[in-house]
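One structure below.
The values are calculated or read from the model by the stated rules, or taken from the named source; none is laboratory data. Quick caveat: nothing in here was measured; it's all calculated off a predicted structure. All Cβ positions, glycine included, derive from the backbone under ideal geometry; neighbour counts span all protein chains shown.
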Amino acid sequence: MISPEQVLAALRNVEDPDLKKDLVTLNMIKDLKIVDKQVSFTLELTTPACPMKDMLKNACLNAVKHFVSQEAEVEINITSRVTKPMDTTQLKAIRNIILVSSGKGGVGKSTVASNLAITLAADGAKVGLIDADIYGPSVPIMFDLVGAKPSARETEDGKTLIMPIEKYGIKLLSLGFFADPDQPVPWRGPMASNAVKQLFNDADWGELDYLIVDLPPGTGDIHITITQSFPIAGAVIVTTPQQVALADTRKGLAMFKMPSINIPVLGVIENMAYFTPEELPDNKYYIFGKDGGKELAKSFAVPFLGEIPIVQSITAGGDSGRPVALDKDNKIAVSFTEIAGRVAQQIAINNAQTVAANPLVAEK
Ligand SMILES: Nc1ncnc2c1ncn2[C@@H]1O[C@H](COP(=O)(O)OP(=O)(O)O)[C@@H](O)[C@H]1O
Ligand SMILES: [Mg+2]
């Protein structure tokens, strides 16, 4: 006879390498059922994009076999419940707001934001995307939604809510949906800040695990407005390897670390890291320099999330309104999946630390 206590004792030997505690203590083992030799339970992860899913599942399996019985027939279901940071006074149904930022335009913020959103949604997370780039909103083009206009709905208490547009499993709102695409700088100063705040407060987002925000380049009003108005899970910094881009990215990154802003930096992504010609797939040409993003991450002691090469399928995907991550077989889609996993992992680690630091409010 196998007892639940035996199985739980065995699973106490499996540690989550990020959270540095065992799975039983972390309350990740649910619905344990035992019938004769059949042991089944659910492993509840902190994100469906967990890069260690398979590793943890195997470790659980081995632990039960090793510590309980070689004869045990073990069935493990994997689910997830995405955690959130502590400060959730506003936007209760939105668990984690992720800012995608850079010092410069044209480095691939929108490309990264769109493909991360698609990858997280493909993993099973509920995902929203806000395009807050007042200078050049590109979500309408990247999602083949040029000219689209979100509808609105009245709530019971008479409030008007903007309905995000759904595409590829993501809820989207872009400043571009509300402006004439051919008008130069359609949004100015306070008007832009108010418009962006409305995209958060006055939209019907429903429940979201991750809300990704594609920020304008630099460190302007929009950054200040968003970071001061909403609880932010963290910022993902996109750079390219050229010195000019790195110099600007450095300033962008330093802004999040300022005491008055103090947003966790989830890590740096180096985009356009190298060029590989289609006919020579094993050759990498570091035309803009090598490892600039990696070194930047190191100098700020933040994680390096990965590099993305220059490939035509990325440009083509963006221009045609079908981001490359939708094509699961594409090598680049795999890179985005790995990067998204690391982003989700960093958020889960940060959220676990805030919970540990505030045990009394954790259950709220
Ligand atoms: N790794 C890449 N390989 C090829 N083209 C890319 C890559 N990253 C971005 N692009 C293209 O470069 C242009 C600028 O990227 P975008 O994401 O709009 O930058 P940003 O939002 O930072 O201004 C777009 O046309 C996009 O498709
Ligand atoms: Mg952009």
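Of the residues I134, I141, which single one is of a type in the set (A, V, I, L, M), within 21 Å of G220 (Cβ to Cβ) and surrounded by 18 or more Cβ atoms within 10 Å (Cβ to Cβ)?
On inspection, the qualifying residue turns out to be I134.
Filter segment 103-131 down to residues that are farther than 23 Å from V334 by Cα and modelled with pLDDT of 95 or more and give me whichever is farthest from ligand 2 (Cβ to nearest atom).
Only one residue fits best here, namely I130.
Please find, within segment 308-352, the residue that is nearest to ligand 1 (Cβ to nearest atom) out of those that are free of Cβ contacts under 8 Å to residues at least 60 places away in the same chain and under 16 Å from the mean Cα position of the chain (by Cα).
Only one residue tops the list, namely S335.
Can you pull out the residues in segment 51-81 that are within 29 Å of the chain's Cα centre (by Cα), without any contact (Cβ under 8 Å) to a residue 12 or more places away in the chain and closer than 14 Å to L23 by Cβ?
Within segment 51-81, M55, N58 qualify.
Which residues, counting only those in segment 141-170, are within 16 Å of ligand 2 (Cβ to nearest atom) and modelled with pLDDT under 95?
Matches in segment 141-170: V146 only.
Return the pair list, or none, for Cβ contacts closer than 8 Å from residues in segment 264-277 that are more than 26 Å from N350 (Cβ to Cβ) to residues that are assigned to a strand (DSSP E or B) and within 16 Å of ligand 2 (Cβ to nearest atom), at least 6 apart or on different chains.
Correct list of pairs: M272/I308.
Quick check on my filter: what residues within segment 262-292 are modelled with pLDDT of 90 or more and charged (D, E, K, R)?
Within segment 262-292, E270, K284, K290, D291 qualify.
Mind listing just one residue for me: the one in segment 83-99 that is more than 16 Å from ligand 2 (Cβ to nearest atom) and within 17 Å of P48 (Cβ to Cβ) and, of those, surrounded by the fewest Cβ atoms within 10 Å (Cβ to Cβ)? Explain how you work it out, then say what you get.
Here is the first cut: in segment 83-99, the residues more than 16 Å from ligand 2 (Cβ to nearest atom) are 83-97.
Applying the additional criterion that residues be within 17 Å of P48 (Cβ to Cβ) yields 83-84, 94-96.
Working: T83: 21, K84: 19, I94: 22, R95: 23, N96: 26.
Only one residue fits best here, namely K84.
Mind listing whichever residues of segment 10-29 are touching a residue at least 24 places away in the same chain (Cβ under 8 Å) and charged (D, E, K, R)?
Those that are touching a residue at least 24 places away in the same chain (Cβ under 8 Å) and charged (D, E, K, R): D16, D18.
Kindly provide the set of residues from segment 220-249 that are more than 16 Å from ligand 1 (Cβ to nearest atom), modelled with pLDDT under 95 and not hydrophobic (A, V, I, L, M, F, W, C), ordered by number.
Result: D221, T225, T227, Q228, S229, P231, Q243.
Go through (1) under 19 Å from A235 (Cβ atoms); (2) not assigned by TED's automatic domain parsing to the domain that holds D204 one by one and return the number of the condition K37 breaks.
The one condition K37 does not meet is (1).
Say whether the condition of being within 27 Å of I226 (Cβ to Cβ), in the same structural domain as I349 (by TED's automatic domain parsing) and exposed (fewer than 13 other Cβ atoms within 10 Å of the Cβ) is met by at least one residue in segment 279-297.
No, because not a single residue in segment 279-297 is within 27 Å of I226 (Cβ to Cβ), in the same structural domain as I349 (by TED's automatic domain parsing) and exposed (fewer than 13 other Cβ atoms within 10 Å of the Cβ).
Give the number of residues within segment 122-167 that are within 19 Å of S320 (Cβ to Cβ) and not in a strand (DSSP E or B).
The qualifying residues number 14.
Being in contact (Cβ under 8 Å) with a residue 40 or more places away in the chain, of a type in the set (A, V, I, L, M, F, W, C) and either buried (at least 16 other Cβ atoms within 10 Å of the Cβ) or within 16 Å of ligand 1 (Cβ to nearest atom) (or both) is the filter here, so list the residues in segment 162-176 that pass it.
The answer is I162, I170, L172, L173, L175.
Where the second residue is at pLDDT 95 or above and basic (K, R) and the first is in the same structural domain as L246 (by TED's automatic domain parsing) and buried (at least 24 other Cβ atoms within 10 Å of the Cβ) and lies in segment 100-127, which pairs have Cβ atoms under 6 Å and are six or more apart or on separate chains?
V100/K109; S102/K109
So which residues in segment 191-219 are more than 18 Å from the chain's Cα centre (by Cα), surrounded by fewer than 20 Cβ atoms within 10 Å (Cβ to Cβ) and away from ligand 1 (no atom under 14 Å from the Cβ)?
Those that are more than 18 Å from the chain's Cα centre (by Cα), surrounded by fewer than 20 Cβ atoms within 10 Å (Cβ to Cβ) and away from ligand 1 (no atom under 14 Å from the Cβ): M191, N194, A195, K197, Q198, N201, D202, A203, D204.
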